[in-house]
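This report refers to the structure that appears directly beneath it.
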Amino acid sequence: MDLLECGNCLTDEHVELAERLTGTQKKLKCTNCGDEWLRGEPARQARSSPTLDEIKKRFPKPGDVDPVKLARVDELKADFLRREPEPVPNVAPYWKKYQWVFSAEGLPTADPQDLKNFANSSVGANPGNMSVFNEAWNEMGTEVAAAQVRRTIEYLLRGTSPSALEDRLTALINDATPNAMRGFKESLLTKVLCIAYPEEYLTILMYTGVAGKREIARSLWGLELPAPESTTWTKGRLILWSNNLLRALLGDGFRHQQHAAEFLWWAKDRA
């Protein structure tokens with residue numbers, strides 16, 4: 001039977017549109033007998049993507065840690081803090097210099113050599129092998145490469161699209177923005193954040209690796225942080241959220257974030 005016909009009257013003579021629904025679906029009505037029926041297909045319900053806050057709520061929290069693990073790390077922390085840390089004399093002036101270099105006022109005129117030196121320096125935190133960056137720098141030429149590094153740092157620290165820092169960080173790592181610089185990736189971007197926001201970022205420059213944030217969280221607190229390949233846990237989110245988690249677990253008592261990072265490296269094989 002044609003769905004335009006009334007099933008009771010077997011004719012479409014008295015059929016009219018009662019209501020237009022979603023998609024191609026309509027409600028029809030026979031004015032002769034009063035019967036109503038549906039014709040067509042409803043629109044498919046699109047699954048809404050979770051918001052950044054909803055995703056973040058699923059990330060491990062300090063409350064997920066076994067109390068026994070917490071107590072053991074507290075013991076290690078007390079032992080570590082009884083020792084007077086040896087100051088590294090060149091870190092403070094280096095940090096201060098690059099805080100100016102990366103500032104909104106200093107970055108536009110930053111000396112290209114300072115930018116290249118930063119990428120290859122282990123002062124304060126070692127970014128690892130920079131051969132890809134150095135190759136890109138040489139291929140592009142000093143002025144062009146320096147201009148691109150400035151764009152990278154400006155976008156990371158003060159970009160507005162996307163508004164979330166973790167998403168700008170992801171875009172730079174994944175070359176998903178024209179502001180990205182070849183070879184200026186996770187370790188260097190994280191080091192920029194450590195210098196620009198020294199109270200907020202631990203000088204642990206990799207999310208995963210021999211002594212990455214993920215491995216430290218597992219070793220010290222028994223937390224299994226998401227794998228970098230997970231689709232909703234983008235790299236930038238993992239980097240920033242794991243940093244915040246470790247800082248929350250560490251608590252107070254450290255002189256600065258470098259001191260806290262030193263404790264994590266010292267303690268990870270003693271837990």
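Nothing in this text is a laboratory measurement; each read-out follows from the coordinates by a stated rule. For clarity, every value in this text was computed on a predicted model and none was experimentally measured. Positions of Cβ are generated from backbone atoms using ideal geometry, with glycine treated the same way; all protein chains shown enter the neighbour counts.
General remarks:
- Going through (1) -0.31; (2) -0.41; (3) -0.34, the figure that equals log10 I(q)/I(0) by the Debye sum over Cα atoms at q = 0.07 Å⁻¹ as computed for the structure here is (2).
- Each residue, residue 123 and residue 174, gets one label point 7 Å from its Cα in the Cβ direction; the gap between the two is 3.5 nm.
- Rounded to whole numbers, the Karplus 3J(HN,Hα) couplings from phi for the stretch 265-271 are 5, 5, 8, 4, 9, 10, 5 Hz, using 6.51 cos²θ - 1.76 cosθ + 1.60 with θ = phi - 60°, and x at Gly and Pro.
- Loop-located GluC sites (Glu not before Pro) in the stretch 188-271 (DSSP state other than H, G, I, E, B) with a sparse environment of at most 11 neighbouring Cβ atoms within 10 Å: 199, 224, 229.
- Phi angles across the stretch 50-58 convert, under the Karplus curve 6.51 cos²θ - 1.76 cosθ + 1.60 with θ = phi - 60°, into 3J(HN,Hα) values of x, 6, 4, 5, 5, 5, 4, 5, 8 Hz, Gly and Pro given as x.
- Exposure here means at most 13 other Cβ atoms within 10 Å; with trypsin sites (Lys or Arg not before Pro) in a DSSP loop as sites, the longest stretch of the chain lacking them is 84-254.
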